[in-house]
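Structure first, commentary second.
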Amino acid sequence: MKIIFDTKIAQSYKSNSQKIRVLSESWVDNEIFCPNCGCNVSSYENSRPVADFYCSSCKEDYELKSKKNGMGKKILDGAYKTMIERLQSANNPNFFFLNYDIKNYEVLNFVVIPKHFFVPEIIIKRNQGIKDRPSYIMCSIDLTRIPKSGKIFYIKNKKIESKEKVLKNWSKTLFLRKSKKAELKGWILDIMKCIDRLEKNEFTIDEMYSFENLLSQKYTNNKHIKDKIRQQLQFLRDKNYLKFTGKGKYKLI
Ligand SMILES: [Zn+2]
């Protein structure tokens, strides 16, 4: 995998934003494989309203967002209302996020966020509408609200991950696509985020219970938070996301 843009192909473009669009799309077209099946992705000939790339083999769709320099915590996106509507629709694409160094056109980070991690909670309203259309509210995607397992790196700080690892990380959370009920899925994602906050591979049930207060602030009607935590951990074990190692101990797989 090359991590430098091929700047020759964009020499005729004057506008910087056009230049970057051409360079980044061409780079993805040449270098990126579909995380679902490993085949190469292709760009849609004419830009489609919701996706930029597709996999002709397994039919997954991908939208590309690029950002120069640091990765940041948020990705700016389009209209808030459209985004929220999209989350409910079946053709919501997965998300490619490309972060590059503007000085030497080098790729710093490349991440795929599977569409099943897109819940309304990660979409944040931006205060201002656009000029002359004050009621038109734009949005951003808050990366900090997505569990680590929902940010699958191909390139992290210029270091390339193996294809095998990308495919494995992708397949690990596909079970979330079957969770249609928003509240159930919300619980699973919250438990994943709590595990992330412990910042270790092995942890205990007591460590997880320390999030009881935090979770009860969100799920105010639930009087059995500890039971719910245990239940979600069992669910994640059944889905091979983690395993029990005995006596209230867990290990991420
Ligand atoms: Zn595919």
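The values are calculated or read from the model by the stated rules, or taken from the named source; none is laboratory data. As the structure is a computational prediction, the values presented were derived from the model and not from experiment. Here Cβ is always computed from backbone atoms with ideal geometry, including for glycine, and neighbour counts include all displayed protein chains.
Every condition in (1) at pLDDT 95 or above; (2) in a helix (DSSP H, G or I); (3) not assigned by TED's automatic domain parsing to the domain that holds ASN109 is met by PHE203 except one, and the failing one is (2).
Per-residue answers, yes or no, for (1) at pLDDT 90 or above; (2) out of contact with any Pro (no Cβ under 9 Å at 6 or more places or on another chain); (3) not polar (S, T, N, Q):
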| site | (1), (2), (3) |
| --- | --- |
| ILE20 | yes, yes, yes |
| ASN30 | yes, yes, no |
| LYS65 | yes, yes, yes |
| LEU76 | no, yes, yes |
| ALA79 | no, yes, yes |
| LEU98 | yes, yes, yes |
| TYR105 | yes, yes, yes |
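Can you confirm whether ASN99 is without any contact (Cβ under 8 Å) to a residue 40 or more places away in the chain, within 16 Å of the chain's Cα centre (by Cα), closer than 25 Å to SER26 by Cα and in the same structural domain as ILE3 (by TED's automatic domain parsing)? Answer is yes for this residue. For region 36-61, what are the residues that are more than 10 Å from the ligand (Cβ to nearest atom), buried (at least 18 other Cβ atoms within 10 Å of the Cβ) and closer than 22 Å to LEU108 by Cβ? Selection gives ASP52, PHE53. For region 26-35, the condition holds for at least one residue, the condition being that it is within 10 Å of the ligand (Cβ to nearest atom), in contact (Cβ under 8 Å) with a residue 60 or more places away in the chain, within 17 Å of the chain's Cα centre (by Cα) and closer than 17 Å to ILE152 by Cβ.
Residue check: is PHE110 closer than 24 Å to PHE33 by Cα, under 13 Å from the mean Cα position of the chain (by Cα), among the aromatic types (Phe, Trp, Tyr) and within 16 Å of the ligand (Cβ to nearest atom)? Taking the combined requirement at face value, the residue does not satisfy it.
Considering (1) outside any strand (DSSP E or B); (2) of a type outside the set (Gly, Ala, Ser); (3) within 16 Å of the ligand (Cβ to nearest atom), say which one MET83 fails and leave the rest. Status for MET83: all satisfied but (3). Selection within region 120-162: residues that are modelled with pLDDT under 90, touching a helix residue (DSSP H, G or I) at 6+ places or on another chain (Cβ under 8 Å) and aliphatic (A, V, I, L, M). The member of this set that is farthest from ILE195 (Cα to Cα) is ILE137. When the residues of region 144-178 are narrowed to those that are without any contact (Cβ under 8 Å) to a residue 60 or more places away in the chain and part of a loop (DSSP other than H, G, I, E, B), which ends up surrounded by the most Cβ atoms within 10 Å (Cβ to Cβ)? Here the answer is ILE146. Just wondering, is there one or more residues in region 2-15 that are under 19 Å from the mean Cα position of the chain (by Cα) and either under 23 Å from LYS168 (Cβ atoms) or more than 16 Å from the ligand (Cβ to nearest atom) (or both)? No, there is no match, as no residue in region 2-15 is under 19 Å from the mean Cα position of the chain (by Cα) and either under 23 Å from LYS168 (Cβ atoms) or more than 16 Å from the ligand (Cβ to nearest atom) (or both). Of everything in region 110-127 that's hydrophobic (A, V, I, L, M, F, W, C) and surrounded by fewer than 18 Cβ atoms within 10 Å (Cβ to Cβ), which residue is nearest to LYS172 (Cα to Cα)? Per the criteria, the residue is VAL119.
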